[in-house]
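> This is the structure, below, for whatever I ask next.
The values are calculated or read from the model by the stated rules, or taken from the named source; none is laboratory data. These numbers were taken from a predicted model, which means no experiment stands behind them. Using ideal geometry, Cβ is built from the backbone for each residue, glycine included, and neighbour counts are taken over all protein chains shown. Quick note on the areas: whole protein, heavy atoms, side chains included, nothing else; ligands and nucleic acids left out. Shrake-Rupley method; radii C 1.70, N 1.55, O 1.52, S 1.80 Å.
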Amino acid sequence: MLISCGDALIDFVPTKNADGREAVMPAVGGSCLNVAIGIARLGAPTGFVGGISTDMFGRMIADHAAASNVELGFATRSDHQTTLAFVRIVAGESHYAFYDADTATRNWTFRRGSIPFDTVEAVHVGSTTLVNDQGAAETKALIADAQASSTISFDPNCRPNLVKDRPAYLARMTEFAGAADLVKMSDVDFAYLFGEEPYQQRANALLGQGTRLVIITRGSDGAIAWHAKAGQIAVEAPRVTVADTIGAGDSFQAALLFALHKQGRLARPQLKDIGAEELRRALSFAANCAGLTCTRPGADPPWSHEISWSW
């Protein structure tokens with residue numbers, strides 16, 4: 001099984017009403033839930049770990065996850081309200097306003113020994129759950145429990161408007177990156193975390209301290225990856241008509257983890273030895289899945305029958 005741990009929420013995505021005025025439409029989202037849904041839709045057994053409310057929006061989230069074949073047995077249900085995020089598209093980038101006080105996501109706690117990690121191939125973490133102290137602490141506890149047997153995947157998926165103490169947040173994200181076997185971030189996230197530092201320099205630093213694979217996604221400019229054995233590999237993004245970019249990065253992450261799983265390269269020892277052509281195929285598949293997600297509104301990653309691949 002593959003597991004994604006973190007945020008599950010409702011995005012209110014921009015749309016138009018019948019007379020052309022701006023409106024919003026509720027859609028299930030949350031970066032880590034999107035990753036779980038993306039993997040499950042492609043066909044790998046997948047579970048979600050995190051807090052999900054029992055309120056109306058929480059039921060929407062649970063129904064959506066179940067319809068995509070995501071296992072929720074490790075999720076924590078509570079009567080705390082669901083996190084809400086209102087989205088606006090500015091110059092092609094998604095900007096968010098979060099309503100996240102005392103929510104089910106924030107009140108999630110990890111119980112050591114509650115997940116049989118010897119049956120879990122990889123654990124993905126990241127996004128808004130790591131902004132607050134409790135969420136970060138609980139995720140660290142999960143990683144500590146999982147690290148002996150599971151590959152750790154990390155995507156900071158930064159939301160600067162939630163960050164109150166930027167230096168502390170930067171230090172925290174650097175710590176999570178250092179604990180991960182696979183680190184993926186967008187160029188926008190990289191700029192927020194590391195400024196003008198060259199990609200290669202940061203990638204070399206992470207590889208030098210034990211990270212197996214580092215990826216930077218660059219929107220329509222494709223993605224670049226660094227691996228100690230396979231070297232530096234760049235792939236192009238497909239040319240598509242963009243509805244919005246909501247969930248595109250999550251779809252890339254999900255598809256990459258799925259592809260590595262299908263190739264038998266996701267477990268830590270096998271990821272270390274992946275070849276350049278194998279990695280290129282996995283990255284291209286991820287880019288194509290992300291591109292398809294961009295063609296439809298909201299976080300709506302592809303199903304296996306909508307995308308082709310060859311391993």
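> Could you give each residue of region 277-287 its phi-based ³J(HN,Hα) in whole Hz, using Karplus coefficients 6.51, -1.76, 1.60 with θ = phi - 60°, and x for Gly or Pro?
Whole-Hz 3J(HN,Hα) from phi for region 277-287: 6, 4, 5, 4, 5, 5, 5, 5, 4, 4, 5.
> Evaluated at 25 °C with a viscosity of 0.890 mPa s, what Stokes-Einstein diffusion coefficient in µm²/s does region 153-202 have when Rh comes from the Kirkwood expression over alpha-carbon pairs?
218
> Going 7 Å from the Cα of Ala148 along its beta-carbon direction, which residues of region 94-117 have the amide nitrogen within less than 14 Å of the resulting point?
112-117
> What residues qualify as long-range amide H neighbours of Asn157, i.e. H under 5 Å apart, gap of 5 or more or another chain, H built at 1.01 Å from N?
For Asn157, the qualifying residues are Ser127, Ser186.
> Can you give me the relative contact order of region 1-157 as a percent, contacts being Cα pairs under 8 Å and 6 or more apart?
25
> Just the C-alpha atoms of region 79-151: what Rg/Rh do they give, with Rh taken as the Kirkwood radius?
Ratio of gyration radius to Kirkwood radius for region 79-151: 1.07.
> Please work out the Kirkwood hydrodynamic radius for region 2-90, using every pair of different C-alpha atoms, and report it in angstroms with one decimal place.
Taking the inverse mean of 1/r over all distinct Cα pairs, region 2-90 comes out at 13.5 Å.
> Provide the net charge surrounding Ala97, with neighbours chosen by a C-beta distance below 12 Å and charges set as Lys +1, Arg +1, Asp -1, Glu -1. Walk me through the intermediate numbers first.
Details: positive: Arg88, Arg159; negative: Asp11, Asp100.
Residues near Ala97 contribute 0 overall.
> Separate question: Counting C-alpha atoms alone, how compact is region 73-200: give Rg to one decimal and Dmax as a whole number, in angstrom.
Using the Cα atoms of region 73-200, the pair Rg, Dmax is 15.5, 45 Å.
> Hey, another quick one. How would you order 195-201, 77-83 from highest to lowest mean count of nearby Cβ atoms within 10 Å?
Ranked by mean Cβ neighbours within 10 Å, highest first: 77-83, 195-201.
> Further, regarding this structure: Looking at the chain only, what percent of DSSP beta bridges run antiparallel? Nearest 5 please.
Around 45 percent antiparallel, to the nearest 5.
> So for the pair Arg111, Val24, with labels modelled 7 Å out along Cα→Cβ, what separation do we get in nm?
So the two model labels end up 3.5 nm from each other.
> Here's a follow-up. Work out from phi, with θ = phi - 60° and the Karplus expression 6.51 cos²θ - 1.76 cosθ + 1.60, the ³J(HN,Hα) of each residue of region 98-108, listed in order in whole Hz, and give x for Gly and Pro.
Working through the residues one at a time gives 9, 10, 9, 7, 6, 9, 4, 4, 5, 9, 6 Hz.
> Apply the Karplus curve 6.51 cos²θ - 1.76 cosθ + 1.60, θ = phi - 60°, to the phi angles in region 252-258 and return the couplings in whole Hz, x for Gly and Pro.
4, 4, 4, 5, 5, 4, 4
> How much of the DSSP bridge set in region 1-159 is antiparallel, in percent, rounded to the nearest 5?
The antiparallel fraction comes to roughly 40 percent.
> Report the extension gain between Thr15 and Ser220 in nm, rounded to one decimal, defined as 0.36 nm multiplied by the number of residues separating them, less their alpha carbon distance.
Numbers: separation 205, 0.36 × 205 = 73.80 nm, distance 2.27 nm.
71.5 nm is the gain from fully extending Thr15 to Ser220.
> State the extension gain, in nm to one decimal, for the chain segment bounded by Arg296 and Val188, taking 0.36 nm per residue of separation less the distance between their alpha-carbons.
So the extension gain works out to 36.7 nm.
> Note down the relative contact order for the chain as a percent, whole number, built from C-alpha pairs under 8 angstrom at least six residues apart.
17
> Right, something else. Using helices alone, I'd like the mean residue ellipticity at 222 nm for the chain: each DSSP H run of four-plus residues gives -39500 (n - 2.57), total over residue count, nearest 500.
Estimated from H runs of four or more residues: -11000 deg cm²/dmol.
> Ratio of Rg to Rh for region 253-310, alpha carbon only, Kirkwood?
Ratio of gyration radius to Kirkwood radius: 1.02.
> Right, another one. Hey, got the dipole for region 155-280? About the Cα centre, +1 on K and R Cβ, -1 on D and E Cβ, debye to the nearest 20? Walk me through the numbers before you get to the answer.
Details: 15 positive and 15 negative charges, 60 e Å.
Once rounded to the nearest 20, the dipole reads 300 debye.
> For region 150-235, max minus min Cα coordinate along each principal axis, in Å, sorted largest first?
39, 31, 23
> On to the next question. Determine the per residue accessible area of the chain with all protein chains present and a 1.4 angstrom probe, expressed in square angstrom.
41
> What translational D, rounded to a whole number of µm²/s, comes out for the chain from Stokes-Einstein when the hydrodynamic radius is the Kirkwood one over Cα pairs, at 10 °C and 1.306 mPa s?
Roughly 83 µm²/s, to the nearest whole number.
> Amide H to amide H under 5 Å from Ala23: which residues, 5+ apart in sequence or cross-chain, H placed 1.01 Å off N in plane?
Correct list: Thr15, Lys16, Asn17.
> Summing +1 for each Lys or Arg and -1 for each Asp or Glu, what net charge is found among the other residues whose Cβ lies under 11 Å from the Cβ of Glu278?
Overall, the nearby charge balance is +3.
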